[in-house]
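What follows is calculated from the coordinates using simple rules that are stated; it is not laboratory data. Predicted, not measured: the structure shown is a model, and the values here were computed from it. Reconstructed Cβ throughout: ideal geometry from the backbone, glycine too, with neighbour counts over all protein chains shown.
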Amino acid sequence: MHPREAERAQRERMAVFYERARSPVMQDIERRVCGCDYGASSWTTRAEADALSELLGLKPGDHLLDVGAGSGWPGLYMASQRGCDVTLVDLPLAGLRIASRRSLLECNGGRCLVTVADAAQLPFGLATFDALSHSDLLCCLRDKQAALASCRQVLRVSGRMALTVISLASGLTALQKARAIEAGPLFVEAPTAYPELLRETGWRVIEVQDLSAESIALCGQFIASDNERREELIGLLGQSDFDDRQSLWHARLSGLREGLLRRQLFVATPVG
Ligand SMILES: C[S@@+](CC[C@H](N)C(=O)[O-])C[C@H]1O[C@@H](n2cnc3c(N)ncnc32)[C@H](O)[C@@H]1O
């Protein structure tokens, strides 16, 4: 499939996902595995979202930008916990609509704005935001350099960006690399390792954490929870989408367990 066609198909899949994620069975599974019910499509758990808020030092009066924010996870949650403003950006409108409605109940003193925009061309002025986050966004888009450069432009020099990303492990053989690409998210392959990519796009990395072990546990919990609610999920998704969802968990789990894929957290600050 042509990359542009693959991107379009991914946008449509995500829009369907955010609608389905509002069903009671999907919310139960998400609460049990991730500790939230926002329609999370990344692997960010509630504990991880709390850690991100801490790493970003969010406080009332700050303005957080969450790029690839889906239906509000984790940006809306982080802002409501910390009493700050948040802008949520994504491409499918479906998720942002859900987030916008939820923000009316949750804003906790801050403002919530939603914008349909491409991460590679963020429509905000220079140095607009105090903090920036994205959860497993870069492995879902092609032009990672452009997205990181665009994020750099809109963050204040004193601000911080926290991001999680699924990537290929280093030192893979050609065969292992092909298997890792097959098992990972749509655009898991990056042109260079993330520390280098961040440096090239004007960032100084201040912290790196490997979250692969947590992700292995999370995939296992999704597989088990989906199987417990199998009949209800098949009723919601249909047999074919249920099977695809299970295959995806199993592929990601094998990729992580075999050390072909990894998930990392980076905290970075703009180079002045
Ligand atoms: C793994 S999901 C994470 C969603 C949400 N933040 C969460 O944690 O559940 C990645 C999100 O990035 C969005 N996305 C993909 N490419 C994008 C782009 N070029 N610009 C903005 N958002 C994009 C997808 O629509 C999707 O909602």
Subject >> Whole-angstrom gap from region 40-106 to region 194-239, using each part's C-alpha centre >> reply: 17
Subject >> Neighbour-count ranking [beta-carbon atoms within 10 angstrom, fewest first] of 177, 144 >> reply: 177, 144
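What ranking do 226, 66, 50 get, fewest neighbouring Cβ atoms within 10 angstrom at the top?
On the way: 226 21, 66 29, 50 16.
Taking fewest neighbouring Cβ atoms as first place, the list is 50, 226, 66.
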Original post:
How do 2, 134, 63 line up, fewest other C-beta atoms within 10 Å first?
Top reply: 2, 63, 134
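Can you bin the chain into rounded, prolate or oblate? Criterion: square roots of the alpha carbon gyration tensor eigenvalues sorted a ≥ b ≥ c, rounded for a/c under 1.5, prolate for a/b above b/c, oblate for the rest. Working shown, then result.
Numbers: a/c = 1.62, a/b = 1.15, b/c = 1.40.
Note, shape of the chain comes out oblate.
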Original post:
From the square roots a ≥ b ≥ c of the eigenvalues of the alpha-carbon gyration tensor of region 79-172, which class results: rounded (a/c under 1.5), prolate (a/b over b/c), or oblate?
Top reply: prolate
